[in-house]
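> Quick one: the structure is below, and I'll ask about it shortly.
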Amino acid sequence: MASRIVNRLLRAPLAAGEFPAKHASRMRATNLLRHDAQLVGQPVGIIDIGSNSIRLVIYEGEGRIPSILFNEKIMAGLGKGLGKTGLLDAQAVDRALGALGRFRRLAEDMGVVKLRTVATAAVRDASNGADFIMRLAEIGLPVELLPGTAEASLAGHGVLAAIPDADGIVGDLGGGSLELVRVADGQVGQGISIPFGVLRLAQMKLGSARALDRALAKALVKAGWKDKAGDKPFYMVGGSWRALARLHQTLTDYPLPIVHQYVMAPSEGQRLVRALGQLDPKRIKAVGGISSSRVASLGDAAMLLASLSRCLNPSALIVSAYGLREGLLHSSLPESIQALDPLVEAAREEGSRQGRFPEHGDLLDRWIAPLFADEPHQMARLRHAACLLADVGWRAHPEFRAERGLDVALHGNWVAIDAAGRAMLGQALFTHFGGEGVCPIVNQLIGYDLAARAMRWGYAMRLGQRLSGGVPEPLESSSLSFQNGAILLTLRGEDSALYGEAVERRHKMLADALQLKIAVRTA
């Protein structure tokens, strides 16, 4: 596992509905705000009406990686009887209307300036779907009914928002349908939608894995999707597959409970099928991150995953925490914003929020970069993110700043970073904040060699932070370089007083980590 991680890290890089505006402290359905592609700092919301769940997410604004202000879901099950009756379930409709009325009011009270409400397979396919949409319009929620191909495309945009170098097939599993779409080079191809949602599989009464394989293969051939994977990764989108990933982490004693960019071998789909056939449902419900309402459908979700792996022959199964909702945001952004690195942008935002000197992270990264000039892009961006987070521990108790840095890296709400990247980021911050040695979880995830590289970043950051005190001038007027087997620190004449004992000690720690000597020059 460690060797695969090393190879992966060292390789070369790589019409919205409007929401009524507030007037006299209340929103009126007659006042629509003009769409603005960058409503930075102004809350925007998305209501996603799926076949199984309905969710409201309110974001801080429209940006590359906007922070989530509010997130609530109900498992309404609108499509649970669709295969038999062709109708949205009546009780589910009543429950959904109650929840959607609440969501609209919450969005209003939270000052949302734009709310986009979308509906997918169940509402799209039900004979009473239009009636449901009309009832929502009556309570002030105009609904966009997404065609299957649009749903697939938006799932692809969601994956690219979180994994910009994604190259493979995105599979978005919902209650009523499965969407598939090719992504590569930052672009989303033409997608398809097939009626293989988790709520429909049980009603199909296929009886065996072989029967499911035949039905799925027939649907893929009909849609022109035979052999589309081409030995590329399969990106798993949707709550059912995220739940399967959490179960897999539990079964394998995986040390980091983060499902985004969690990687499984294609054969693990069949392993999950076997495990679910043997496990007590109570044990499954006890797994963190798996809601009890999803347990009943996990077996079907696992069977479909195993069947897709056999039909498409992907190289790996990779989980994406982002999907349709994030795709709605991402696809509406200007290309210049889409092109930004989501990890670096999120780290910059977090560093600015928690740190004392907002500009310090970028400057610190430029200052230490000459020592790591031979590192590939994937390493350089991780190091940059670490520098942007170099001040997140200053409010913590001095004895626990190293642990704080490790926690921010490992458990932060980051995307465009896998577990190995989180481990390197965590070790760099742990070392930077004074932690000693390699953290056990880091060693478990990436091994000593990569951890040692991250420690060297941490020592360099620690030197820069101590030299400058966090203010820009000392870093702008000094430099680090290699010279005659030493790490040379060049200072401006009037800055020589900054080289005190504490700075010299950190200079020596960095040099020792690189098996070099120290040297100081006044220019």
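> What FRET efficiency, computed as 1/(1 + (r/R0)^6) with R0 = 41 Å and r the Cβ-Cβ distance, is obtained for residue 380 and residue 253, rounded to the nearest 0.05? Walk me through the intermediate numbers first.
On the way: r = 32 Å, r/R0 = 0.79.
In this case the efficiency is close to 0.80.
> Please report the carbon-and-sulfur percent of the accessible area for region 49-154; probe 1.4 Å, protein heavy atoms only, DNA, RNA and ligands left out. Display every interim value, and only then the final one.
Values: 2140 of 4070 Å².
So the carbon and sulfur contribution to the accessible surface is 53 percent.
> Collect residues whose amide H, placed 1.01 Å from N in the peptide plane, falls under 5 Å from the amide H of residue 81; neighbours closer than 5 in sequence don't count.
Residues meeting the amide H criterion: 89.
> Also, I was wondering about something else. Does anything in region 69-100 have its amide N under 17 Å from the 7 Å Cα→Cβ label point of residue 131, and if so which residues?
Counting only backbone N, you get 78-98.
> Moving on. At 222 nm, what value in deg cm²/dmol follows for the chain if DSSP H runs of at least 4 each add -39500 (n - 2.57) and the sum is divided by all its residues, to the nearest 500?
That comes out to -14500 deg cm²/dmol.
> Heavy-atom accessible area per residue, the chain, 1.4 Å probe: how many Å²?
Per residue, the chain has an accessible area of 43 Å².
> So which trypsin sites (Lys or Arg not before Pro) in region 305-395 are both in a DSSP loop and have at most 14 other Cβ atoms within 10 Å of their Cβ? Mind showing how you got there, number by number?
Numbers: sites: 310, 325, 348, 353, 356, 366, 381, 383, 395; in loops: 356, 395.
Within region 305-395, the qualifying trypsin sites (Lys or Arg not before Pro) (loop, at most 14 other Cβ atoms within 10 Å) are 356, 395.
> For the pair residue 71 and residue 362, what calculated FRET efficiency results from E = 1/(1 + (r/R0)^6), where r is the Cβ-Cβ distance and R0 = 35 Å, to the nearest 0.05?
That gives a FRET efficiency of 0.70.
> Which one of 219, 371, 416 has its Cα pushed farthest toward the positive end of the charge dipole of the chain, where Lys and Arg give +1 and Asp and Glu give -1 at the Cβ?
Working it through, the farthest residue towards the positive pole turns out to be 219.
> What is the percent carbon and sulfur in the accessible area of region 387-523, measuring with a 1.4 Å probe over the protein chains and ignoring ligands?
Numbers: 2880 of 5980 Å².
Here it works out to 48 percent.
> Still on this structure, I have one more. Check cross-link reach from residue 517 to the lysines: straight Cα distance under 20 Å, and skip same-chain residues fewer than eight apart.
508
> Might you report the magnitude of the Cβ-based charge dipole of the chain about its Cα centre, with Lys and Arg at +1 and Asp and Glu at -1, to the nearest 20 debye?
1480
> Apply 1/(1 + (r/R0)^6) to the Cβ-Cβ distance of residue 205 and residue 395, taking R0 = 60 Å, and write down the FRET efficiency to the nearest 0.05.
The calculated FRET efficiency here is 0.55.
> Going by Cα centres, region 450-523 and region 154-232 are how many Å apart?
Centre-to-centre (Cα) distance: 52 Å.
> A follow-up question, please. Over region 414-523, what is the relative contact order in percent, taking alpha-carbon pairs closer than 8 angstrom and at least six residues apart?
Reported relative contact order: 23 percent.
> A further question follows. Note down the nm distance, to one decimal, between modelled labels 7 Å out along Cα→Cβ at residue 223 and at residue 110.
Label at residue 223, label at residue 110, 3.2 nm between them.
> Tabulate in residue order the Karplus-calculated ³J(HN,Hα) for region 357-364, using 6.51 cos²θ - 1.76 cosθ + 1.60 with θ = phi - 60°, rounded to whole Hz; enter x for Gly and Pro.
Values per residue, Gly and Pro as x: 10, x, 8, 5, x, 5, 5, 4 Hz.
> Counting other Cβ atoms within 10 Å, which GluC sites (Glu not before Pro) in region 310-387 have at most 13 and lie in a DSSP loop?
Those satisfying the criteria are 359.
> Using Cα pairs closer than 8 Å and at least 6 residues apart in sequence, work out the relative contact order for region 32-143, in percent.
28
> Work out from phi, with θ = phi - 60° and the Karplus expression 6.51 cos²θ - 1.76 cosθ + 1.60, the ³J(HN,Hα) of each residue of region 430-442, listed in order in whole Hz, and give x for Gly and Pro.
Taking θ as phi minus 60°, the curve returns 4, 5, 4, 8, x, x, 9, x, 9, 5, x, 5, 5 Hz for region 430-442.
> Further question on the same structure: Explain nothing, just compute: Karplus ³J(HN,Hα) = 6.51 cos²θ - 1.76 cosθ + 1.60, θ = phi - 60°, for every residue of region 324-336 in order, whole Hz, x for Gly and Pro.
4, 4, 5, x, 4, 5, 4, 5, 8, 7, x, 4, 5
> Of all accessible surface on region 197-241 at a 1.4 Å probe, what whole percent is carbon and sulfur?
52
> Turning to a different aspect of this structure: List every residue whose amide H lies under 5 Å from the amide H of residue 518, counting only residues 5 or more places away in sequence or on a different chain, with H placed 1.01 Å from N in the peptide plane.
Answer set, sorted by chain and number: 487.
> Among the listed pairs 80/205; 232/285; 73/114, which have their C-alpha atoms separated by more than 21 angstrom in this model?
Where the Cα-Cα span goes over 21 Å, the pairs concerned are 232/285.
> Right, next: Describe numerically, in nm with one decimal, the distance between label points set 7 Å from Cα along Cα→Cβ at residue 271 and at residue 501.
5.4
> Could you work out the relative contact order of region 130-257, using alpha carbon pairs under 8 angstrom and six or more residues apart, expressed as a whole percent? Each step should come with its number before you reach the end.
Values: 160 pairs, mean separation 28.9, N = 128.
In percent, rounded to a whole number, it is 23.
> Moving on. Please compute the length gained on full extension between residue 285 and residue 139, using 0.36 nm multiplied by the number of residues separating them and subtracting their Cα-Cα distance.
Value of the extension gain: 49.0 nm.
The values are calculated or read from the model by the stated rules, or taken from the named source; none is laboratory data. Predicted model only: the values in this text are computed from it and were never measured. Ideal geometry is used to build each Cβ from the backbone, glycine not excepted, and the neighbour counts take in all protein chains shown. With ligands, DNA and RNA removed, areas are computed over all heavy atoms of the protein, side chains included. Shrake-Rupley method; radii C 1.70, N 1.55, O 1.52, S 1.80 Å.
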